[in-house]
Amino acid sequence: MAYDDLREWIKKLDKAGELKRVREEVDPILEMAEIADRAAKMGRGTAKAGGPALLFENVKGYPGATVLMNQFGSERRMKLALDVDSLDEIAKRIEDLMQTKSPTGLLDKLKMLPKLAEVGAFFPKTIAAKDAPCKQVILRGADVDVLKFPVLQCWPGDGGRFITLPCVVTRDAKNGKRNVGMYRMQVYDGQTTGMHWQRQKVAAEHLRDQLRAGAASGAERVEIMAETAGGTVAAAAPGVTLTKLKGQRMEVAVVIGTDPATTFSAIVPGPPEVEEYMIAGFLRQRPVELVQCETVDLQVPAHAEIVLEGYVELGELRTEGPFGDHTGFYTMEDDYPVFHITCITHRKEPVYAATIVGKPPMEDAWMGKAVERIFLPLMRLTLPEIVDVNLPPEGVFHNLMIVSIRKSYAGHARKVMHGIWSMGQAMSTKIVIVVDEDCDVQDLSEVVLRTTNNIDPERDIQFTLGPVDSLDHASRLPNYGSKMGIDATRKWKAEGFTRPWPEMLEMDASVKAQVDAKWKKLGIE
Ligand SMILES: Cc1cc2nc3c(=O)[nH]c(=O)nc-3n(C[C@H](O)[C@H](O)[C@H](O)COP(=O)(O)O)c2cc1C
Ligand SMILES: [Mn+2]
């Protein structure tokens, strides 16, 4: 059954032996990050990889505060968070939903009823403010101070303290749909933070929409978009008159500490048309309960620990970073929008939820694996030939994707690469490796063996140009650069390959059975 809130999730972690309470005094500046890093890397490479979730109960400078870290930091916990025995179960549920056919008779209709009930759980419910625990304490005006929470500094070279597990809520002005995305926030002072939504993310598009709407003509719109591509929405660039936009605001709410499925939904790279609140409802199989914000027209999970309400001003940017990132490198300073906090609401004695990113494997490796599994059926909607996909944590999700395909025609591997480069956030995948269906992409040794054996590099590598991840420090320009696809499938005559292609080694089944029968007697093991 779904968890009501972060507290119920913590209880579950405790009961399952997945939580360590840290009673020793620990500093949120660097020290907590170092402890969480060591916990994340415990048991590395083994079936028990990923240490325990950590509840810091004695936070230096913050008497009475508690901080939860590494809540998603193992395969076991990721499954517990989403209440499944295997992450493929969720993929199966998505597949079942997509295979729903129009009912033809009464029996068919009856069979659909449980499915319809399931769909009913996707839609969020709104509850009254008086019933919303996140409103137990309401702070406005001079009482607004985000530094009353133990915000971490993660790495020594970081530009400051960062809120690392925020669920950022914005609204699409065109259709009213809400988006929830996880974008880190650098704390500048008690009332202002950075808002690190990267250019290709949904909230950045929400803001650009308002900029576009403010342009006087189509030509000015084109110019604003071109001139502002460097910053997320950049302030007035030379020759562009954005002054009339000054003072215009986009409302934003930030939620910290929810039930695990809701927090996880903020990192799911779903289509912009699908609200994360629906995704969370689907994952929890129970509606998310929302409540209206105090000072902005947005709704947030009612059982959240902490809610920050405020706005981003059109045309205002500020330097954000550096930040020790999940690439294992610092992302350098860049201009991003500024979040002004107008109101804070929180539960009594709120639990502050945080994560740290750094050299993989970290907590986000497990979240990424869950995304990989859940997205497979959705990738197959566009590319049905895909058999399996692997995003190894060291490939930091945007650097490397390995896919196996059922190859059916000449050039098929290249078609799949281009398909991936056009699919949502996969647009920024730097390297795509395509192998045949009989290669297990989860087995990296097998992938390296096949890829290096099967390619004639000059012939089988496809280069192209396009948008790249904002965290790519090697691309020729920020956010724009080249990508590479490696066709590691067996080559066909139809592709101009006329030499014979050898079989891979495999012992006869009968000989294997013979040796199996003798193996113990041989005394080798
Ligand atoms: C711990 C963590 C931190 C993240 N930080 C950022 C960030 O600072 N900026 C960003 O654009 N995406 C960040 N992401 C990735 C986004 O959350 C992810 O791309 C998500 O799908 C964006 O939602 P959207 O598609 O609604 O924009 C982070 C993910 C995780 C797990
Ligand atoms: Mn989204």
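The values are calculated or read from the model by the stated rules, or taken from the named source; none is laboratory data. No experiment lies behind these values; they were computed from the predicted model shown. Cβ atoms come from the backbone with ideal geometry, glycine included; neighbour counts cover every protein chain shown. Side chains are part of the model used for accessible areas, which takes the heavy atoms of the whole protein and leaves out ligands, DNA and RNA. Shrake-Rupley method; radii C 1.70, N 1.55, O 1.52, S 1.80 Å.
Points worth noting:
- FRET efficiency estimate (nearest 0.05) - Cβ-Cβ, GLU349 to ALA16, R0 25 angstrom: 0.60
- Beta bridges per DSSP with both ends in segment 64-201, % antiparallel, nearest 5: 100 percent
- Sorted from greatest to least, the principal axis extents spanned by the alpha carbons of segment 300-360 come out as 37, 34, 16 Å.
- Calculated P(r) of segment 37-105 - Cα pairs past 20 Å, %: 53 percent
- DSSP finds beta bridges in the chain, and of those with both partners inside it, around 75 percent are antiparallel.
- Three-way shape label, segment 372-475, alpha-carbon gyration tensor, a/c 1.5: rounded
- Charge dipole (segment 247-318, unit charges on Cβ, about Cα centre) - positive-most of VAL312, VAL291, PRO271: PRO271
- Overall form of segment 434-510 per C-alpha gyration tensor (a/c, 1.5; a/b vs b/c): oblate
- In terms of packing, defined here as the mean over residues of other Cβ atoms within 10 angstrom, the peptides 131-143, 33-45 line up highest first as 33-45, 131-143.
- For the chain, a crude dipole built from +1 on the beta carbon of Lys and Arg and -1 on the beta carbon of Asp and Glu, taken about the Cα centre, is about 860 debye to the nearest 20.
- Set of aspartates and glutamates near LYS430 by C-alpha distance (under 15 Å), chain-local residues within fewer than 8 positions excluded: GLU394, ASP469, ASP472, ASP487
- Within straight-line cross-link reach of LYS101, aspartates and glutamates at Cα separation under 19 Å, skipping those fewer than 8 residues along the same chain: GLU118
- Percent carbon-and-sulfur accessible area, the chain, ignoring ligands, DNA and RNA, probe 1.4 Å: 56 percent
- Expressed as a fraction of 2.2 N^0.38 Å, the value expected for a compact globular protein of N residues, the C-alpha radius of gyration of segment 7-157 is 1.46.
- Centre-to-centre, using Cα atoms only, segment 287-353 and segment 159-199 are separated by 4 Å.
- Three-way shape call for segment 408-450 based on the alpha-carbon gyration tensor, with the a/c threshold at 1.5: oblate
- Listed cross-link partners LYS115/LYS135; LYS11/LYS148; LYS15/LYS130; LYS48/LYS407; LYS174/LYS201 are compared with a 28 Å cut-off, the Cα-Cα value being larger for LYS115/LYS135; LYS15/LYS130; LYS48/LYS407.
- Summarising the strand pairing of segment 14-123, around 45 percent of its internal DSSP beta bridges are antiparallel.
- When peptides 46-53, 110-117 are ranked by their average number of other Cβ atoms within 10 Å per residue, the highest-first order is 46-53, 110-117.
- Segment 126-144 and segment 1-79: distance between their alpha carbon centers, rounded to Å: 27 Å
- With the charge dipole of segment 35-82 set up from +1 on Lys and Arg Cβ and -1 on Asp and Glu Cβ about the Cα centre, the Cα lying farthest toward the positive end among the listed residues GLY43, GLN71, ALA53 is that of GLY43.
- Surface/4 of the Cα convex hull for segment 89-166, nm²: 10.8 nm²
- Using a probe of 1.4 angstrom and keeping all protein chains present, the accessible surface of the chain works out to 46 square angstrom per residue.
- Reduced Cα scattering model of segment 344-393, Debye log10 I(q)/I(0), q = 0.17, 0.20, 0.28, 0.31 Å⁻¹: -0.67, -0.76, -1.02, -1.13
- Rg over Rh for segment 272-397 works out to 1.01, both radii taken from alpha-carbon positions and Rh defined as the Kirkwood radius.
- At 1.306 mPa s and 10 °C, Stokes D of the chain from Kirkwood alpha-carbon radius, µm² per second: 63 µm²/s
- Protection proxy ranking of 457-466, 358-367, 322-331 - average other beta-carbon atoms within 10 Å, highest first: 358-367, 322-331, 457-466
- The phi torsions of segment 407-418, fed into the Karplus equation with coefficients 6.51, -1.76 and 1.60 and a -60° offset, translate into couplings of 6, 10, 8, 4, x, 4, 4, 5, 4, 5, 4, 5 Hz, rounded to whole numbers, with Gly and Pro shown as x.
- Integer Hz, Karplus 6.51/-1.76/1.60 couplings in order for segment 437-449, x for Gly and Pro: 4, 7, 9, 7, 5, 6, 9, 5, 4, 5, 5, 5, 4
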